[in-house]
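The numbers here are math on the coordinates, done by the rules we state, and not lab data. On a predicted model such as this, the values are computed, not experimentally measured, just so you know. Backbone-built Cβ (ideal geometry, glycine too); neighbour counts: all protein chains shown.
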Amino acid sequence: MTKRFALGIFEDEDVLLHAVENIRGAGVKIYEVFTPFPIHGMDDALGIERSRLPIAAFFYGMTGLAFALWMQIYMLGFDWPMIIGGKPHIALPAFIPVSFELTVFFTCHGMVITFYTISKLYPRWKTPVLDVRSTDDKFVVAIELNENSDLNGLTKLLRENGASEVNEKEMTKN
Amino acid sequence: MATLTHHESATAEYLEVSPGTNRKFLMIIVAGVILLALGIIASIMGLGAEHHEATGAAHGAAAAHGGEHAGSPIWLKRVIVSLWHSNVFFVGISAIGTFFVALQYVAYAGWSVMIKRINEAMSAWLLPGAIIMLAVFLLGRHDLFHWTHDGIMTKGSANYDAIIAGKSGFLNLPFYLIRMVVFLGIWWFFSERLRKLSLAEDLNGGTEYFHKSINVAALFLVLYAVSSSMSAWDWVMSVDVHWFSTMFGWYVFASWWVSGIAMTTLTAIYLKQAGYLRFLNANHLHDLGKFMFGFSIFWTYVWFSQFMLIWYANLPEEAVYYNQRLGGFNGAYTWIFFFNLAINFVFPFLLMMTRDAKRQMIMLKIVSIAILIGHWSDFYLMFMPATMKGDNGFIIEIGIALIFLGSYLILFTKRLSQASLIPVHHPFLDESVHHTT
């Protein structure tokens, strides 16, 4: 699938941040912004919703806790009861460290796997780079074009908001 | 939000403590005095005497051990113990103010500049607290510390206790007093030093004061690490003189630290709601909320580390500590033991878990107040079983705590009003204004 983009190249993150606000204010949808480093306030300016990863993390944590408690209660209470240090078979204070560790274990592994999957960060995945300078010292605003797009209008809008150059680029996604 | 190009910078703001506010603080003190008087009357009239008899067995055991029962009447003993208890709590919070400032300097932290003056003002209680602490120790030490009894370390005396005598190298009157004066002196000196540098910076500007403060702060942190831990052994753990725990210094520090952060948060919110701290926003509160959440868990971690090892090993000389608190003295402390865990761990943990909760003033307020009450009762649980045995109560204790709270707030707000609430020439002030989380 081939997509066409108008790329506005910016030199300064302050200018960029205001440009993003103005462009969105003018009713133009921004495909993505590429920057060499994270910019405070950019997520809000782009209107990106907060990640729901913490909610997933909570459920992974609960799974880990439930698994840890089940495992210890079943193993030490029913499957192979042993008296350790004169304590009851099911001695909850002794189970807390393992429950804590498994809660953390499930949460972090679950989060990493979920994050990699939804971000498509798996081996052999090719990340399209629209302008290699966005990995060095330039800030790139990408606006997706379709047959109805007014390229001249977009160029003007980007220029007015401080873009030092505006390029058109085609990208084939596999 | 996009605040990067927002060129307005923070300017000096001066807090004015209205007579109405001061009257409120006085009312807290008056309420405390009334409760204290009621509590003393109730105690003298012998209300709760049946409680006393029920624990006679425990008393007998203690009496047989040293015959130390020539102590003060119960009501006076309760007054002395709770003076010590509340003072240790508030002196700890005061020192935490300076510790927080020092920590932020050493970490080159920018976000906290907005609330720095609150932390500086928190140490206003250090000097009066130190005087009260010395006075209570000198006048009432026999009711607080078993090891101060006459003859307890003299071989052949009727009171002789070999275990306590073995600790005489550390727990003796001169060395204890020297430590107390030195620790409080260090805390007070560095509080004043950091405060003076900060005020001079307000007047003269420049980065010289900032760099000097970092050096002072680093030195303070090293000294505080040692002195906070040792003061916890001295002032808190030595009431249970036969018992010891290597986690104790951390445990007390964790209690002070999270209470200090709660105090900071609460003050910041009150100031914000009174129209001060124009640039304080949800981002700063979010960070304070994270601190409260994180250090409530840290306190629980230390608490549990201490509890589990003692519970598992079950050595009599160690387990006696939890024996007294869980079911001992006819269960006088059992409910407060579980209440302590609920209010200091479960409550902040569940309420502060989401991002939204940490950014809302009302939630932070509820949790801060709960933490302050919770950690005051944590100290209650550290002091009372050892000193009051089964004769503990709440009316005198809460009365004295209110008197301390009112006095603390008067001195705290007075110091808060003596300088601009915003350290106008702090090099990181702009970073704090534009802080985003």
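Side notes on the structure shown:
- Most to least packed among B:83-91, A:90-98 [average Cβ atoms within 10 Å]: B:83-91, A:90-98
- Shape category assigned to the range B:333-437 from the gyration tensor of Cα positions, a/c cut at 1.5: oblate
- Within straight-line cross-link reach of B:K389, aspartates and glutamates at Cα separation under 18 Å, skipping those fewer than 8 residues along the same chain: B:E50, B:E53, B:E68, B:D143, B:D240, B:E317, B:E318, B:D378, B:E397
- Percent of Cα pairs exceeding the 39 Å cut-off, where the set is the protein assembly as shown: 44
- Considering only A:N161, A:M111, A:L53, the residue lying farthest towards the positive end of the dipole of the range A:37-174 is A:M111, judged by Cα position with unit charges set on Cβ.
- Within straight-line cross-link reach of B:K272, aspartates and glutamates at Cα separation under 18 Å, skipping those fewer than 8 residues along the same chain: B:E13, B:E16, B:E120, B:D287
- Taking the C-alpha atoms only, the angle from helix A:13-25 to the longest principal axis of chain A is near 80 degrees.
- Under the criterion of Cα pairs below 8 Å and six or more residues apart, the relative contact order for chain B equals 35 percent.
- Check: chain B dipole with +1 on Lys, Arg Cβ and -1 on Asp, Glu Cβ, in debye: 560
- Per-selection Kirkwood Rh - the range A:1-153 (Cα, Å, 1 d.p.): 20.0
- Expressed as a fraction of 2.2 N^0.38 Å, the C-alpha radius of gyration for chain B is 1.02.
- The distance linking the range A:78-146 with the range B:324-340 is 40 Å (Cα centroid to Cα centroid, whole angstrom).
- Of all lysines in the structure, the ones whose alpha carbon falls short of 24 Å from that of A:K138, not counting any fewer than 8 places away in one chain, are A:K3, A:K29, A:K126, A:K156, A:K169, A:K173.
- The range B:170-227-the range B:273-291 distance, computed between alpha-carbon centres (Å): 27
- Positive-pole candidate from A:M62, A:T127, A:V141, dipole of chain A, charges at beta carbon: A:M62
- Axial C-alpha extent at least 27 Å, average Kyte-Doolittle at least 0.0 - helices from chain B (DSSP): B:19-44, B:74-106, B:173-204, B:208-231, B:248-273, B:282-313, B:361-387, B:395-417
- Shape call, the range A:110-174: gyration tensor on alpha carbons, a/c limit 1.5: prolate
- Convex hull volume per residue in cubic angstrom - Cα atoms of the range B:206-303: 131
- Relative contact order of chain A, defined on C-alpha pairs under 8 angstrom at six or more residues apart (%): 55
- Using a Gaussian network model of chain A in which every pair of alpha carbons under 10 angstrom is joined by a spring, one finds that among A:N161, A:N148, A:N22 the greatest mean-square fluctuation is at A:N148.
- Note on the range A:53-118: Cα convex hull, mean projected area over all directions, 4.7 nm².
- Sites matching trypsin sites (Lys or Arg not before Pro) across the range A:95-148 that sit in DSSP coil, with at most 10 neighbouring C-beta atoms within 10 Å: A:K120, A:R124, A:K126
- Ordered by the number of other Cβ atoms lying within 10 Å of each residue's own Cβ, fewest first, B:S168, B:S245 fall into the sequence B:S168, B:S245.
- If you take all other residues with their beta carbon under 10 Å from the beta carbon of A:T155, and give Lys and Arg +1 and Asp and Glu -1, the sum is -2.
- Size of electric dipole in the protein assembly as shown: Cβ of Lys, Arg +1 and of Asp, Glu -1, about Cα centre, debye, nearest 20: 540
- Gyration tensor verdict on the range B:328-368 (Cα atoms; rounded if a/c is under 1.5, prolate if a/b is larger than b/c, oblate otherwise): prolate
- Across all directions, the average projected area of the convex hull around the alpha carbons of the range A:1-48 is 4.0 nm².
- Between the listed residues B:M122, B:F347, B:A135, the Cα displaced farthest toward the positive end of the dipole of the protein assembly as shown, a dipole computed from Cβ unit charges relative to the Cα centre, is found at B:A135.
- When the convex hull of its Cα atoms is projected in every direction, mean area for the range B:322-395 (nm²): 5.2
- Distance cut-off 20 Å, percentage of C-alpha pairs in the range B:136-280 lying past it: 64
- Volume in Å³ per residue [convex hull over Cα atoms, computed for the range B:138-217]: 108
- For A:E32, distant residues with modelled amide H under 5 Å away: A:A142
- Taken about its Cα centre, chain A carries a charge dipole of about 760 debye when Lys and Arg each add +1 at the Cβ and Asp and Glu each add -1 at the Cβ.
- The range A:53-118, relative contact order in percent, only Cα pairs under 8 angstrom and at least six apart counted: 55
- Extension gain (nm, one decimal) between A:N148 and A:Y74, 0.36 nm per residue minus Cα-Cα: 20.2 nm
- Net charge over other residues, Cβ less than 9 angstrom from the Cβ of A:D131 (K, R count +1; D, E count -1): +3
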